[in-house]
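Novice: One structure, as structure tokens, below. Some questions next.
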Amino acid sequence: MKEIGCFFEFEELKGKEYYANLLDFNIGRNCLRYIIRKRKISEIYLPVYLCDVIYKVCKEENLKINFYNIDSDFLPILSKKIINSNKFIYLVNYFGFLSNGKIKKYFGNRENVILDNTHAFFQKPIKGMDVIYNCRKYFGVPDGA
């Protein structure tokens, strides 16, 4: 099998076809950086299994970082006390396995969840949650999150 590298060939996209109200950033880590500053986040829970650039952004933004494990359904192993607090939780939708229904059932309508849908570009956002998408995983663009 031949590898294709980190980018697909360039495609011409015709605007905000999928998410009309999104904010455009050049890379996913800048999406997170924006959310951290906009929400004035000082403490965050990150999954142990995570791309190191997310950890680095949180470190650079001087957040208190806590870690959590995930269960066999890719859901966080967190206490209800943490989920219901004002501390932020970075939830990775690994390989798009978490449906919106499953996320809502687990978290309710909490606004302290940042949903990373990097691997679930076509999954609709959840009202009240900040959602990070990355189009370069699905489309031929030079960069873009």
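Novice: Quick one: with all protein chains in place, what share of the accessible area of region 67-123 is carbon or sulfur, to the nearest percent (1.4 Å probe)?
Specialist: Taking all protein chains in place, region 67-123 shows 55 percent carbon and sulfur surface.
Novice: How large, in Å, is region 24-70 by the Kirkwood hydrodynamic radius built from its alpha-carbon pairs?
Specialist: 11.0
Novice: How large is ³J(HN,Hα), in whole Hz, for each residue of region 32-41 in order, when computed from phi with the Karplus curve 6.51 cos²θ - 1.76 cosθ + 1.60 and θ = phi - 60°, using x for Gly and Pro?
Specialist: Karplus values, whole Hz, x for Gly and Pro: 4, 4, 4, 4, 4, 6, 5, 8, 6, 6.
Novice: Over region 80-129, how many pairs of lysines fall under 18 Å by alpha carbon, counting only those 8 or more apart in sequence or from different chains?
Specialist: Value for region 80-129: 12.
Novice: So what's the net charge close to residue 84: Lys and Arg +1, Asp and Glu -1, counting the other residues with Cβ under 14 Å from its Cβ?
Specialist: So the surrounding residues net to +3.
Novice: Using θ = phi - 60° and the Karplus curve 6.51 cos²θ - 1.76 cosθ + 1.60, what whole-Hz ³J(HN,Hα) does each residue of region 45-62 get, with Gly and Pro shown as x?
Specialist: 9, 10, x, 4, 8, 7, 4, 5, 5, 5, 4, 4, 4, 4, 5, 5, 8, 6
The values are calculated or read from the model by the stated rules, or taken from the named source; none is laboratory data. As the structure is a computational prediction, the values presented were derived from the model and not from experiment. All Cβ positions, even for glycine, are placed from backbone atoms using ideal geometry, and neighbour counts span all protein chains on display. Ligands, DNA and RNA are stripped out before the accessible areas are found, and what is left, the full protein with its side chains, is counted by its heavy atoms. Shrake-Rupley method; radii C 1.70, N 1.55, O 1.52, S 1.80 Å.
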